[in-house]
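Some notes on the structure that comes next.
The values are calculated or read from the model by the stated rules, or taken from the named source; none is laboratory data. Model, not experiment: these values are computed from the prediction. No Cβ is skipped: glycine too gets one built from the backbone with ideal geometry, and neighbour counts run over all protein chains shown.
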Amino acid sequence: MSGSVRNLPSYRAITITIKEMSYTGYLVRASKCAIATLSEAEKRQWDNEKQNRRFCFDWLSGRIAAKQAVQILLGELNIGPLLPTQITIENDESGIPFASSLQALCTITISHSETWGLAFGIPYGSGIGCDLERIRPRRSELFAYFLSPPEIALWSRLVDDHSVDSVLTAAWAAKEAAFKCLCSHVGYSDFDVSNLKVFPIWSQDKHFRFQLGNMSGTGSWIEIDDLEMIISLAIMSTQDYTL
């Protein structure tokens with residue numbers, strides 16, 4: 001078992017285990033009442049930029065999830081407590097999210113889909129990336145769009161135990177999480193994403209390994225059955241695995 005979910009109607013604590021380490025994130029579907037938990041800077045951003053846009057509640061849900069992740073992480077570090085309104089989530093010039101004034105303490109990652117927001121946080125010093133994707137019908141030809149032939153060969157073998165749609169979504173989510181993880185670790189750069197390789201780990205169910213040059217890491221994904229979504233999480237690592 002690589003992860004678990006505690007179900008609530010619009011708020012879920014997500015636990016994913018990678019290399020015997022558990023990471024807890026938060027899956028949130030925010031309503032307008034959540035605006036009250038934004039910081040003053042975030043409220044200005046909502047009023048001036050976000051509220052009239054198509055994906056405004058994706059943004060809001062992601063912010064609320066990130067605040068919760070930061071609050072819990074700071075508690076584990078014996079810092080705080082801070083109210084949600086005291087935490088401001090921003091994005092740097094490359095779009096990488098961070099908790100303003102707390103960058104030296106934590107690294108966060110955010111994803112959102114269909115008004116749901118997802119966020120995880122870890123102590124500063126490593127990279128982390130997550131992705132949230134709806135499982136939907138996808139043509140198998142999509143494999144060739146974002147995976148190299150060696151990647152396709154390994155991911156395709158999972159179709160024996162899972163649907164094509166689930167495998168395609170998991171592979172896409174794994175690569176997206178790995179990309180975000182690398183960006184949070186070294187900052188966004190102009191590296192060619194086609195050189196980022198992501199492979200499932202056969203010795204561990206729903207785990208993957210990724211590599212770009214001399215940088216590598218591991219990750220895992222879980223399925224949220226009632227939402228028909230996949231959540232993936234990637235963490236920087238130096239441990240080698242047999243693919």
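Evaluating Q45 against the criteria (1) free of Cβ contacts under 8 Å to residues at least 40 places away in the same chain; (2) farther than 15 Å from S100 by Cβ leaves one unmet condition, (2).
Please determine, by comparing only the residues of the stretch 1-41 that are touching a strand residue (DSSP E or B) at 6+ places or on another chain (Cβ under 7 Å) and of a type in the set (D, E, K, R), which one is modelled with the lowest pLDDT. So the residue we want is R6. Do you know which of the residues in the stretch 179-203 that are surrounded by 13 or more Cβ atoms within 10 Å (Cβ to Cβ) and among the charged types (D, E, K, R) is nearest to N91 (Cα to Cα)? Applying the filter and picking the extreme gives K180. Scan the stretch 150-161 and give yes if some residue there is touching a residue at least 12 places away in the same chain (Cβ under 8 Å) and touching a Gly at 6+ places or on another chain (Cβ under 6 Å), otherwise no. No, the stretch 150-161 contains no residue that is touching a residue at least 12 places away in the same chain (Cβ under 8 Å) and touching a Gly at 6+ places or on another chain (Cβ under 6 Å).
For the stretch 165-176, the set of residues classified as closer than 13 Å to Y145 by Cβ and either among the small types (G, A, S) or surrounded by fewer than 16 Cβ atoms within 10 Å (Cβ to Cβ) (or both) consists of A171 only.
Considering the stretch 125-145, and only residues there that are modelled with pLDDT under 90 and under 22 Å from M236 (Cβ atoms), the residue that is surrounded by the most Cβ atoms within 10 Å (Cβ to Cβ) turns out to be S126.
Residue count for the stretch 189-212 satisfying the condition of being over 21 Å from E20 (Cβ atoms) and either in contact with a Pro (Cβ under 8 Å, 6 or more places away or on another chain) or part of a loop (DSSP other than H, G, I, E, B) (or both): 6.
To keep it simple, each residue is scored yes or no on (1) surrounded by 13 or more Cβ atoms within 10 Å (Cβ to Cβ); (2) free of Cβ contacts under 8 Å to residues at least 12 places away in the same chain; (3) among the charged types (D, E, K, R).
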site	(1), (2), (3)
L73	yes, no, no
P84	yes, no, no
G95	no, no, no
E114	yes, no, yes
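Among the numbered conditions (1) touching a helix residue (DSSP H, G or I) at 6+ places or on another chain (Cβ under 8 Å); (2) modelled with pLDDT of 90 or more, the only one that V159 does not meet is (2).
Hey, which of the strands (runs of 3 or more DSSP E) in the stretch 39-124, taking only ones fully inside, have at least 3 residues that are more than 25 Å from I230 (Cβ to Cβ)?
Per the criteria, no element qualifies.
The residues in the stretch 194-225 that are over 21 Å from S166 (Cβ atoms) and of a type in the set (G, A, S) can be counted, and the count is 4. Of all residues in the stretch 157-203, exactly one satisfies the criterion of being basic (K, R) and in contact with a Leu (Cβ under 7 Å, 6 or more places away or on another chain), namely K175.
Annotation note: of L212, L227, L196, the sole residue that is assigned by TED's automatic domain parsing to the domain that holds D161, under 21 Å from G25 (Cα atoms) and more than 14 Å from the chain's Cα centre (by Cα) is L227. Condition (residue is in contact (Cβ under 8 Å) with a residue 60 or more places away in the chain and of a type in the set (S, T, N, Q)) applied to the stretch 193-200: is it met by at least one residue? So far as the stretch 193-200 goes, no, none of its residues is in contact (Cβ under 8 Å) with a residue 60 or more places away in the chain and of a type in the set (S, T, N, Q). It is to be established whether one or more residues within the stretch 155-164 are surrounded by fewer than 14 Cβ atoms within 10 Å (Cβ to Cβ) and polar (S, T, N, Q). Yes, the conditions are met somewhere in the stretch 155-164.
For Y26, the conditions (1) within 25 Å of Y188 (Cα to Cα); (2) touching a residue at least 12 places away in the same chain (Cβ under 8 Å); (3) out of contact with any helix residue (DSSP H, G or I) (no Cβ under 6 Å at 6 or more places or on another chain) are fulfilled apart from (3).
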